[in-house]
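Peer 1: Quick one: the structure is below, and I'll ask about it shortly.
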Amino acid sequence: MPTTTHDAQYQALIAERYGRPLAAILDEANPTKALPDLLRERHRRLLAPPAPAAHPPAPDANWAEHRAVLEAAIRPSRHR
């Protein structure tokens, strides 16, 4: 049941465009089970195993030099 004018307009637009209310359209996906049943079923399912942790990349041996080059490249220029 729409609670605001905006909701009522939205429901009317959906009914006009698709020829039936939004609740009927949503029920097509799983017409035999109510939402509380679907939520209970979700809690009964086993969770997928966690993804294996990716190995971190090897540390950069020349990080100081690379950082200096990067900072020099992004430093504002005085010649403008």
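Peer 1: Could you put His6, His55, His66 in order of accessible surface area, largest first, with the 1.4 Å probe and the full protein assembly present?
Peer 2: His55, His6, His66
Peer 1: Could you rank Ile14, Ile74, Ile25 by how accessible they are, 1.4 Å probe, largest area first?
Peer 2: Largest accessible area first, the residues go Ile74, Ile25, Ile14.
Peer 1: Using only the heavy atoms of the protein chains and a 1.4 Å probe, how would Glu65, Glu71, Glu16 rank by accessible area, largest first?
Peer 2: Glu16, Glu65, Glu71
Peer 1: Solvent-accessible area of Leu22, probe 1.4 Å, all protein chains present, reported in Å² to the nearest ten, please.
Peer 2: 50 Å²
The values are calculated or read from the model by the stated rules, or taken from the named source; none is laboratory data. Worth saying up front: this structure is predicted, and the values here are computed from it rather than measured. The protein model used for the area step is the full one, side chains on, heavy atoms only, and it has no ligands, DNA or RNA in it. Shrake-Rupley method; radii C 1.70, N 1.55, O 1.52, S 1.80 Å.
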